[in-house]
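Engineer: I'd like to ask you about the structure that follows.
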Amino acid sequence: MRIYCDGSLTVYCFLPIGYEPIVYPNPAGVSHNVSEYMAILHAVIFSNTLGMDNVEIVSDSELAIKQINGEYKCKDPSMLLLRNMVLSTRTTHTFTHVKRELNLAGVHLEGLKQ
């Protein structure tokens, strides 16, 4: 199973293959990076709730993916909290960075702007 994730200043979205995109509004003042993490966290929670194993979480946020995978240090307290939540709730998930144009959740969010 693959789940695409993306976030913006106003909303975040995750799109599990075979499902409709799931979009949530962000509270005012949320940063873009926190929104990216919220999409990833909710994708993990969604997959765990449905009992999915070996899920690939895909995002165009290089920062979030590399922090989750331990390649970058996480210094911001709000992102550190979200990263720790992701790591504590995942099971057999992997986290993959892709270019923006290959992120189906990002493509969906772009369509919402029009």
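Only the coordinates and a few stated rules stand behind these numbers; no lab work does. Everything numeric here is computed off the predicted structure, so don't read it as measured data. Cβ atoms come from the backbone with ideal geometry, glycine included; neighbour counts cover every protein chain shown.
Engineer: Between the DSSP loop rule and a limit of at most 11 other Cβ atoms within 10 Å, which GluC sites (Glu not before Pro) in region 1-81 are left?
Structural biologist: Within region 1-81, the qualifying GluC sites (Glu not before Pro) (loop, at most 11 other Cβ atoms within 10 Å) are 71.
Engineer: Separate question: Against the globular-protein guess of 2.2 N^0.38 Å, express the Cα radius of gyration of region 2-113 as a ratio, rounded to two decimals.
Structural biologist: That works out to 0.96 for region 2-113.
Engineer: With the contact rule set at Cα under 8 Å and sequence spacing of 6 or more, what percent relative contact order holds for region 2-113?
Structural biologist: Averaging sequence separation for qualifying contacts and normalising by length gives 32 percent for region 2-113.
Engineer: Sticking with this one: Could you work out how much longer the chain between residue 80 and residue 28 gets when fully extended? Use 0.36 nm per residue separation minus the Cα distance between them, nm to one decimal.
Structural biologist: Length gained between residue 80 and residue 28: 16.7 nm.
Engineer: Pull out the extension gain between residue 19 and residue 102, defined as 0.36 nm times the separation in residues minus the alpha carbon to alpha carbon distance; nm, one decimal.
Structural biologist: 28.1 nm
Engineer: Under a crude label model (7 Å from the Cα following the beta-carbon direction), how far is residue 73 from residue 9 in nanometres?
Structural biologist: Inter-label distance under the simple model: 3.0 nm.
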